[in-house]
Amino acid sequence: MGFDLFSFIFIIFSWASLLSMKAEAEGIKSARLLDLLIRDYTVKSLDRDLRTGIVHTVTLPANFSGIKVDTVRFRCGSLHRYGAQVKEFHLGSGVIVQPCAERVMVVRQNLGYNWSSIYYANYDLSGYQLVSPILGILAYNADSDLSYGSPFELGILAREKPIKIDFSNITKASNKTGNWPLCASFEGNGEVTLKKQVSPNVCVATKHGHFGLVMESPPPSLPVRKKISRWKLVVGSSVGATLGAFLLGLLLVAMFVKVKKKARMEELVRRAYEEEALQVSMVGHIRARTTPTI
């Protein structure tokens, strides 16, 4: 009986946890809040013995499906001297981390097409559409034991060699049409910066943040006018002309009948007046002739 009670309590807590995570995911309307949640899940998934420079894939809850996160630890000085490759991001030598903590945790995000739509609500992308998922690269301090607190965000600056972002394997845009996508950089102040690509599906940036490829939205399609064959046009014109002539004839006949009927009515009225006048005249004449004589 005790085992059944324990199982029941475990199931209740599991369902409560799932409902809490689902409500958490459904309530995310801010790109900044999404970054903080990804950071917290990344910290929870880290192994204390994680080797420096090894990319670690972060497992997120099921309600964050579609988001792919990887993280890697670096020493600040080593990252500055040698740079690094983190999935689609290439950080060249000379990259600066501010403030320069002894150990740095770099987090790479791929939000997928589903979660990338959150940027439509937070940024003005009117006239453009995303043709790639949003990619993000952020840095946090990793000096102390991260399991006892949330790390603070660090800045990544690439003044000598800009950060290269390769969208080749994740974009759905095709360059065969001659329309090249633009590089979109989503700033922390809510602004979007658009630039040309440095090479096909490759963008550059001088600092950390979130990036994507956009293209101008196509204009609304107009209804296609069907081409009418020549013989159909001739037949239609002939039928239309015949029908028009027939209707015009009916109109003329109706007008003629109406005028004729009106003239007849006027003739009848005139005759009625004449007959009435004649009767009055005749009655007066008879009265004048039959006046009694005293």
Some residue of segment 68-75 being free of Cβ contacts under 8 Å to residues at least 24 places away in the same chain and of a type outside the set (Ser, Thr, Tyr): no
In this structure, is LYS44 open to solvent by 70 Å² or more (accessible area, probe 1.4 Å) and in contact with a strand residue (DSSP E or B) (Cβ under 7 Å, 6 or more places away or on another chain)? no
If the Cβ limit is 7 Å and pairs must be 6+ apart or interchain, which residue in segment 29-43 that is in a loop (DSSP other than H, G, I, E, B) pairs with which residue that is open to solvent by 20 Å² or more (accessible area, probe 1.4 Å)? LYS29/ALA121; SER30/ASN122
Output the strands (runs of 3 or more DSSP E) that fall wholly within segment 71-183 and possess 2 or more residues being at pLDDT below 95 and open to solvent by 40 Å² or more (accessible area, probe 1.4 Å), or say none. 96-98, 128-130
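The values are calculated or read from the model by the stated rules, or taken from the named source; none is laboratory data. None of the values given here were measured: they were computed from a predicted structure. When we count neighbours, we look across all protein chains shown, and the Cβ atoms used for this are built from the backbone with ideal geometry, even at glycine. Keep in mind that these areas ignore ligands, DNA and RNA; they rest on the heavy atoms of the full protein, side chains included. Shrake-Rupley method; radii C 1.70, N 1.55, O 1.52, S 1.80 Å.
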